[in-house]
Amino acid sequence: MFVRGLKRKCFDGEEDIEGTLAGIKAIPSYNLQRQSLLDMSLVKLQLCHMLVEPNLCRSVLIANTVRQIQEEMTQDGTWQMINTQSTGQTSLDRLVSTDILCRSSREQAEGKQVPGYSSFNKDFEDDQTQDSSETMSTSSSVQAPRNLQSNVWEMENPQESRGNFQKSLDQIFETLENKSPNSVEDLFSEVDNSYYDLDTMLTGMMSNTKMGHCDGLETFSSPTTATSNSNCKSDLNELDHIVEILVES
Amino acid sequence: ADIISTVEFNHTGELLATGDKGGRVVIFQREQESKQQPQRRGEYNVYSTFQSHEPEFDYLKSLEIEEKINKIRWLPQHNAAYFLLSTNDKTVKLWKVSERDKRPEGYNLKDEDGRLRDPSMITTLRVPVLRPMDLMVEATPRRVFANAHTYHINSISVNSDYETYMSADDLRINLWNFEITNQSFNIVDIKPANMEELTEVITAAEFHPHHCNAFVYSSSKGTIRLCDMRASALCDRHAKFFEEPEDPSNRSFFSEIISSISDVKFSHSGRYILTRDYLTVKVWDLNMENRPMETYQVHDYLRSKLCSLYENDCIFDKFECVWNGSDSVIMTGSYNNFFRMFDRNTKRDVTLEASRENSKPRAVLKPRKVCVGGKRRKDEISVDSLDFSKKILHTAWHPSENIIAVAATNNLYIFQDKVN
């Protein structure tokens, strides 16, 4: 096996992962991509607009995608494996892999290094406040349907996990049907009070997000500053980073 | 100027209506062609502007109802006035647009300013006469069709009987009579008893141009259903079901999303249906349900970018599609202010750009090309340089001439064939 440089040209194999992302288990790339997609979809479903009803077509399509992934993962048996890794570090890697997923196809087409990614990753690793990263990642795993946690205890029972998952999807649909100003608070109600800053930041971000606003595919190359949330402490700037990438504000 | 959300020519092409995100409708009228300036072949000027819908608040759900105009459809003309339907997410309105170029003068009881005259000062009687005045175009709401849709209206379509029309939301389609505003018939209902089982929504609907009993509706799963209202009052069972079998080699987690149909249009002949999904436009023969007759790639270079487009929500953009008057050319929009035309006979296609920077007024548009990798030639644009915030979702084609209207965010472009 060749020793590859740190240039992240292609995301095409385990050796790249081990070389570039320290501390991650050598998970096959397809599973990683799939998990990232699942996380992204769940975030999209839960971060709904408050004042205007969310688009039902979009929500249905995202929910169908989530179901599809979940079914495939249940068939694979990987559903249980992923859920045993409930540490913050793994969730962090899942966030990073979203970035990889969306860069990889582009880089495969162009075969050039994207400078933004390395700066993003550097921020991640250089930052002393691992707490903030874990805060984000823990809350994101909380925001994911509760079945992820329940599955830690119900590993023997894929049917039930499907049921829990279904329940969470149902909840999302009910929320969509009966929109009330408190529904965001309901969705986030499991989040510990210590994550309140994250909550305000996320909702603040959503109100600043324009529908259909796209900065082109160069979304990661220049981290834009977060919303005008003056409450953000400096150690929450990294959270802004991560959430922006997920939410594309 | 606000973001344009719909564009529609009337049946003669004399008028062009646009609706915007702020609930306004702007109507343009084509100038009479004059012999003095033959090169100015009937340009479009603003004819009327009015506020069609206002933002509302649904107190029961604590939700805003956007005033954005989703669709405008014209009624055929019967007299001097013009009629159009405009709709936002919840309410359809019928507007009458009429001209006034005379006004009465010489009233007995009031003077020219409208103030009442002192009766003791009136000594003679006179008959008011109509005198010409500056042309005034008035728009008045004639009907308001409200409270019939729980979900967001995505389509309206005037029936060929000119007495009824339909409005479609995500889960239901209602049939209205123009004269009756306090009730409508529900003709399609795909809402499951248990909302948790919802996996498919209605994305667009249209009446057949000649057969007043037939209509089609498309879904988020890439299917089209043709329904016959003679069969039953509730058209839950389709007469025809159009679906292309999935290509297993192209399957991905995004397959369903990109197969979702964003627009459906009958051809003028009534024989074909045009559908738009995220990457293609397809022409279907009404007599062949198992696959489309023709498929055209709009921007296949985006197929490898679907994950990014999913992340930034662009994958959910709803592009419209249109036929030309003779059903020989179809047109649809793309990103970077590009729009595409496909000639069904010659099988040639062209990509054009609606942008002030890149073309002067009255200059012939230069075809554009997106390069997908490898060496980029001069004048080509690479996929990664495309601006995904500049999307052309709404276009319209004049019913008989080669004049097109293209909405690029908050600008309206009108292009016509070059005169030799």
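All of the numbers you see were taken from the coordinates with simple rules; none came from a lab. Treat the numbers as computed from the prediction; the structure is a model and nothing was measured. With ideal geometry, Cβ positions are generated from the backbone for all residues, glycine too; neighbour counts draw on all protein chains shown.
Data overview
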| read-out | value |
| --- | --- |
| Computed [θ] at 222 nm, helices only, for chain B once each DSSP H run of length n ≥ 4 contributes -39500 (n - 2.57) | -500 deg cm²/dmol |
| 24 Å Cα-Cα threshold exceeded, pairs from B:61/B:318; B:318/B:375; B:21/B:318; B:68/B:305 | B:61/B:318; B:318/B:375; B:68/B:305 |
| Hydrodynamic radius by Kirkwood, which averages 1/r over all alpha carbon pairs of region A:27-75, in angstrom | 11.7 |
| Computed log₁₀ I(q)/I(0) - Debye formula, equal Cα scatterers, no solvent, region B:115-254, q 0.09, 0.17 Å⁻¹ | -0.44, -0.99 |
| Against the rule of thumb 2.2 N^0.38 Å, how large the Cα Rg of region B:292-420 comes out | 1.06 |
| Cβ-placed point charges (K, R +1; D, E -1), dipole of region A:27-75 about Cα centre in debye, nearest 20 | 60 |
| Relative contact order of chain B, pairs being alpha-carbon contacts under 8 Å that are 6 or more residues apart, as % | 10 |
| Highest-fluctuation residue, B:216, B:137, B:201 considered, GNM on chain B with Cα pairs under 10 Å | B:137 |
| Listed residues B:58, B:89, B:111, most fluctuating in chain B (Gaussian network, C-alpha, under 10 Å) | B:111 |
| Inter-site label distance for residue B:46 and residue B:418 at 7 Å from Cα along Cβ, in nm | 3.1 |
| Derived scalar couplings ³J(HN,Hα) [region B:256-272; Karplus, 6.51 cos²θ - 1.76 cosθ + 1.60; whole Hz; x for Gly, Pro] | 5, 4, 7, 8, 4, 7, 9, 7, 9, 9, 6, 6, 5, 6, x, 8, 10 |
| Loop-located trypsin sites (Lys or Arg not before Pro) in region B:96-153 whose Cβ has at most 13 other Cβ within 10 Å (DSSP) | B:115, B:117, B:126 |
| Efficiency of FRET between residue B:240 and residue B:98 - r from beta-carbon atoms, R0 25 angstrom, step 0.05 | 0.05 |
| Positive-end residue of B:95, B:177, B:404, charge dipole of chain B with Cβ unit charges | B:404 |
| Candidates B:44, B:59, B:151, ranked by Gaussian network fluctuation over chain B, Cα under 10 Å, top entry | B:59 |
| Relative counts (whole %) of C-alpha pair distances in chain B, using bins that are 10 Å wide | 4, 19, 29, 25, 13, 5, 3, 1, 0, 0 |
